[in-house]
1. In whole angstrom, note down how far apart the Cα centers of the range 166-212 and the range 84-115 are.
2. Ignoring solvent entirely, what values of log10 I(q)/I(0) come out of the Debye formula for the range 197-269 at 0.25 Å⁻¹ when each Cα is a single scatterer?
3. DSSP loop trypsin sites (Lys or Arg not before Pro) in the range 209-242 with at most 12 other Cβ atoms within 10 Å of their Cβ, which ones?
4. Which value results for Rg/Rh of the range 64-181 when Rg is the Cα radius of gyration and Rh the Kirkwood radius based on the inverse mean 1/r?
5. Below 12 angstrom from the Cβ of Leu259, what's the summed charge of the other residues (Lys, Arg +1; Asp, Glu -1)?
6. Please report, in debye to the nearest 20, how large the charge dipole of the chain is about its Cα centre when each Lys and Arg carries +1 at its beta carbon and each Asp and Glu carries -1 there.
7. For the range 131-304, calculate the relative contact order in percent as a whole number, restricting contacts to Cα pairs under 8 Å that are 6 or more residues apart.
8. May I ask for the Rg/Rh ratio of the range 232-321, computed from Cα atoms with Rh as the Kirkwood radius, given to two decimals?
Amino acid sequence: MLVLGIETTCDETSASVVRRLAHGGGEILSNEVMSQIARHAAYGGVVPEIAARAHIDYLDPLMRRALKAAGVTPRQLDGVAAAAGPGLIGGVMVGLAAGKALAWALDKPFVAVNHLEAHALTARMTDNLPFPYIVLLVSGGHTQLLEAREVGQYRRLGSTIDDAMGEAFDKVGKMLGLPFPGGPHVEKAALDGDSTRFSLPRPMVGRLNADFSLSGLKTAVRNEIARRPEMSATDVADMAASFQAAVVDVVVDRVRAALRIARQNGSAPAAMVAAGGVSANNAVRRALQRLCTETGLRLVLPPPELCADNGAMIAWAGIERIERGMVDDLDVKARARWPLDAQASARHHGKA
Ligand code: KG4
Ligand code: ZN
């Protein structure tokens, strides 16, 4: 099975061709990713209108390149998958319309993929991971702990009640005068820093639920910075390290809580997966490795380029759904919000 995947929910335009392998898992034949960071950098964040227009400019050539690099003609595809949300609605509409048009022209099955599900299923493409497993999804727009039980069946164990983790990294980076997006720069600055220099809060640590709260931590950083006339390079490094250490402590405690909740629900996940841009952070990766060793869980960390937004994960989610007959009609709509778990759809809780 060969599927073309299209991703346009945020500031990465991507098209990819993935093939289902006979023994399980997937092979990425091509994964063309065009980052728009340069177009947004001047504004210190992603500008939705600029993103939507950039997706229009980039997507057609990227789809052609993805097919060419894979050595596949459109007619050889078994289906087309496009991310239909959640995300910035203008961009989502661009990718969704392109995917529907191609599927219609080729008369092939179409899948409207939930971007969060695609992140959650990536470990099945890379490592042929069986269900059930825990997913820590930490990106610029999302911070959630989920239990993946089957394709289309997710239980949310916890999520942020305010900022997303990547958003917190980016805001702290901005306060420290680091380039956008702040996450990778905060990690780099932290390498030379003393993580014990500033005592920052660890919000939610010790709570029985598995939710996150990150805005108080960000405010604590702002207050510390405001107390000083200026920040030396050492101050910046120490603050970056102190902030990152606080985040790591929060992640470890929240994952423990999520595991407890999953087990109380009668589930026995044997593995844990990290996804989303923040899971590229090495301090977070090391902490998860320690935690999983201690708790006997298998840890699956997809390579950083597959943790960030990409078309391959969308193509793979398309393959999983087409195999199960879960295809969509061409009148399916783009969705700015689209929670993965059925309970959350009912109660509209937190960020989708
Ligand atoms: O998943 P992603 O590429 O895009 C979405 O938000 O969907 O995640 C981007 C986020 C940004 O907030 C970025 O600063 C953060 O992930 N990030 C990191 C690191 N690399 C990317 N945060 C901390 N450490 C990193 N190494
Ligand atoms: Zn994402």
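1. Each part's Cα centre sits 35 Å from the other's.
2. -1.06
3. Those that pass, being in a loop and sparsely packed, are Arg227.
4. Result: Rg/Rh = 1.04.
5. Cβ neighbours under 12 Å give a net charge of +1.
6. 540
7. Worked out over the range 131-304, it gives 27 percent.
8. Rounded to two decimals, Rg/Rh equals 1.06.
Every number here is computed from the coordinates shown, using simple stated rules; none is lab data. Quantities reported herein were computed from a predicted structural model and do not represent experimental measurements. Neighbour counts are summed over all protein chains in view; Cβ atoms, including those assigned to glycine, are modelled from backbone coordinates with ideal geometry.
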